[in-house]
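Colleague: This structure is in structure tokens; I'll ask about it shortly.
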Amino acid sequence: MTKKIAVIGSGFAGLSAASCLAQAGEEVHLFEKNEQLGGRSRQFKADGFTFDMGPSWYWMPDVFERYFKRFGYTSKDFYDLKLLDPSFSMIFEGNEEMKVPANFEELCQMFENEEKGSAVKLRKFMIEAAYKYEKGVNDLVYKPGLSLLEFADLDLIKNTFRLQVFSSFSKHVRQYFKSPKLIALMEFPVLFLGAMPKDTPALYSLMNYAGLKLGTWYPMGGFHKIVEGMTRIAEEQGVHIYKNEPVTKLAVHQKRVSRVIANGHSMDIDAVVGSADYNHVEQHLLEEQYRNYTPKYWAKKTFAPSSLLFYLGVNKKVPKLQHHTLFFDNNLDLHAQEIYKNKKWPTKPLFYVCCPSKTDDSVAPEGQENLFLLMPIAAGLKDEESIREKYYQVMMERLESYVGENVRNHIVYKKSYCVSNFIEDYNAYQGNAYGLANTLMQTANLKPSIKSKKLKNLYFAGQLTVPGPGVPPSLISGQVVAKELLKNL
Ligand SMILES: Cc1cc2nc3c(=O)[nH]c(=O)nc-3n(C[C@H](O)[C@H](O)[C@H](O)COP(=O)(O)OP(=O)(O)OC[C@H]3O[C@@H](n4cnc5c(N)ncnc54)[C@H](O)[C@@H]3O)c2cc1C
């Protein structure tokens, strides 16, 4: 008999869960608080510019293909993927730049030029990283994280040593490389996705394999094209989608969620997937006795960073910028400490500049540039206008010093986005941008559970549960939760 399932939130996790459940023949109702679908990957248009609001690095193309294939599609049916070359640029002290080539042989040469003997080490590093990617992305991340027995068939115990689940990423990288620049290049993905490299398991060198071996891609038209494709799939599968419909309460009857209340309307349901921020779903939509965790539990968790963002339209071209440019011209450890340990506005921040108009003419008027600045900061900071402006000037000064020309006088569109916007728009706990950090103590079964311990028909998906933050993991999360729910219906 068909069951009626409510999905809360239309990010990658919610859209993915909803489509998989509908594909299995269930009646699915998807509730989204905002006007637009896509969650952190929304898009807006202003003064001729098209801005992706969140993700901009398209890594792990195989994960997207695997998702689309479930529904008889490939990514090509929704967008053209372009391989970026160079993949990205890193700027160091004194505006010294390192362009990271897409081609692996050229990358080896670049390593060798920077540190003698490092090309051979990079090849070795990548053999291990490839193994972790193969095991991790094809196997581990599709586990629901409910029982240790899930790993028995993976002969994980035998391979724990090689997968390096219990050793530090930071140490691992330093066993291979000495050059601070190469170390920064290897460490940036884990830092930006949510933890101090020394607290991150070396398992996550699979991210280096994803970024440096599988390529950095860009979906023409912007990241929102992925959301549009996923929305089309959801509609074709028969998902009922409600926009501007924030869920305000989950009513409980006999240890089951019996009704979803959204915007004053009430709907009887058989099961629920909460794919909005986990903390919001259980701490705000459920009565206290039905929650998995206490406020104290959440307060102790290590959250991935929030971000200060600027969406900028520039009325000229800025030739020196690449599609992705990372400003690593200050001390990485200090900034990481100020994000994760003694949380405060950074003394000397690192930041990232995205310029998609380098690749895609559709995102800016002709002869102009679309810029997106991102500075990771601790979740929970106060972000009044004056502090945003202070860091705007800090970032722009460094950007101008690198590109060697004035940009600020050519800004024709400017909008900032920070902690309070994440809270207001997404009900994000402490205004986090990327969910829960991937630390050793917050990996796999140690993450908040995808299943309610109190209510038989309530499940959780998204970047605060398994497998973790990022677009590919969120996409996977929805599929994992749908499978688990269907098993137990
Ligand atoms: C600035 C930024 C840059 C990023 N860059 C990258 C990148 O380059 N590459 C990458 O892979 N990842 C990146 N990420 C991370 C990635 O975007 C996220 O991990 C992913 O989008 C999270 O998807 P989700 O479905 O878990 O959550 P969300 O996208 O947050 O979706 C949750 C949805 O629930 C809705 N909601 C909340 N409360 C309610 C309610 N009560 N009722 C109904 N709906 C509700 C929200 O409005 C939202 O639409 C970035 C994130 C940010 C913010």
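The values are calculated or read from the model by the stated rules, or taken from the named source; none is laboratory data. Because the structure is a prediction, the values reported are computed rather than measured. FYI the Cβ positions are ideal-geometry reconstructions off the backbone, even for glycines, and counts take in every protein chain you see.
Colleague: Just to verify a result, which residue in the range 31-56, among those that are touching a residue at least 24 places away in the same chain (Cβ under 8 Å) and away from the ligand (no atom under 14 Å from the Cβ), is surrounded by the fewest Cβ atoms within 10 Å (Cβ to Cβ)?
Modeller: 47
Colleague: Still on this structure, I have one more. Restricting the first residue to the range 322-339 and requiring it to be in contact (Cβ under 8 Å) with a residue 12 or more places away in the chain, which pairs with a second residue that is of a type in the set (Phe, Trp, Tyr) and part of a helix (DSSP H, G or I) meet a Cβ separation below 9 Å and a spacing of at least six or different chains?
Modeller: If the second residue must be of a type in the set (Phe, Trp, Tyr) and part of a helix (DSSP H, G or I), the pairs left are 325/402; 326/188; 326/192; 327/402; 328/188; 329/402; 332/188.
Colleague: Which of (1) closer than 30 Å to residue 56 by Cα; (2) within 14 Å of the ligand (Cβ to nearest atom); (3) at pLDDT 95 or above; (4) not acidic (Asp, Glu) is the odd one out, the single condition residue 221 does not satisfy?
Modeller: Every condition holds for residue 221 apart from (2).
Condition check ((1) hydrophobic (A, V, I, L, M, F, W, C); (2) part of a loop (DSSP other than H, G, I, E, B); (3) touching a residue at least 60 places away in the same chain (Cβ under 8 Å)) across all residues:
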{"position": "346", "(1), (2), (3)": "no, yes, no"}
{"position": "373", "(1), (2), (3)": "yes, no, yes"}
{"position": "379", "(1), (2), (3)": "yes, yes, yes"}
{"position": "399", "(1), (2), (3)": "yes, no, yes"}
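Colleague: Here is a list: 151, 192, 111, 104. Which entry is buried (at least 17 other Cβ atoms within 10 Å of the Cβ), at pLDDT 85 or above and among the aromatic types (Phe, Trp, Tyr)?
Modeller: Numbers: 151 fails: at pLDDT 85 or above; 192 fails: at pLDDT 85 or above; 104 fails: buried (at least 17 other Cβ atoms within 10 Å of the Cβ).
From the options 151, 192, 111, 104, the qualifying one is 111.
Colleague: Just one of the numbered conditions (1) assigned to a strand (DSSP E or B); (2) in contact with a strand residue (DSSP E or B) (Cβ under 6 Å, 6 or more places away or on another chain); (3) surrounded by fewer than 24 Cβ atoms within 10 Å (Cβ to Cβ) is not true of residue 28; which one?
Modeller: Status for residue 28: all satisfied but (3).
Colleague: I would also like to ask the following. Out of all the residues in the range 236-249, which are within 10 Å of the ligand (Cβ to nearest atom) and part of a strand (DSSP E or B)?
Modeller: Step one: list which residues in the range 236-249 are within 10 Å of the ligand (Cβ to nearest atom), which gives 242-249.
Correct list: 242, 247, 248, 249.
Colleague: Hey, any hits in the range 198-210 for a residue that's closer than 24 Å to residue 380 by Cα, of a type outside the set (S, T, N, Q) and not assigned by TED's automatic domain parsing to the domain that holds residue 462?
Modeller: Scanning the range 198-210 turns up at least one residue that is closer than 24 Å to residue 380 by Cα, of a type outside the set (S, T, N, Q) and not assigned by TED's automatic domain parsing to the domain that holds residue 462.
Colleague: Kindly provide the set of residues from the range 250-264 that are closer than 18 Å to residue 278 by Cα, more than 10 Å from the ligand (Cβ to nearest atom) and small (Gly, Ala, Ser), ordered by number.
Modeller: Across the range 250-264, the qualifying residue is only 251.
Colleague: Please tell me if residue 56 is touching a strand residue (DSSP E or B) at 6+ places or on another chain (Cβ under 8 Å) and of a type outside the set (Asp, Glu).
Modeller: The answer is yes for residue 56.
Colleague: Return the residues of the range 3-51 that are over 18 Å from residue 435 (Cα atoms), of a type outside the set (A, V, I, L, M, F, W, C) and in contact with a helix residue (DSSP H, G or I) (Cβ under 6 Å, 6 or more places away or on another chain); say none if nothing qualifies.
Modeller: If the condition is that a residue be over 18 Å from residue 435 (Cα atoms), of a type outside the set (A, V, I, L, M, F, W, C) and in contact with a helix residue (DSSP H, G or I) (Cβ under 6 Å, 6 or more places away or on another chain), then 19, 43, 50 are the ones that fit.
So that you can scan it fast, the table gives a plain yes or no per residue for (1) under 26 Å from residue 322 (Cβ atoms); (2) of a type outside the set (Phe, Trp, Tyr); (3) modelled with pLDDT of 95 or more:
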residue	(1), (2), (3)
16	no, yes, yes
21	no, yes, yes
35	no, yes, yes
48	yes, yes, yes
68	no, no, yes
81	yes, yes, yes
96	yes, yes, yes
100	yes, yes, yes
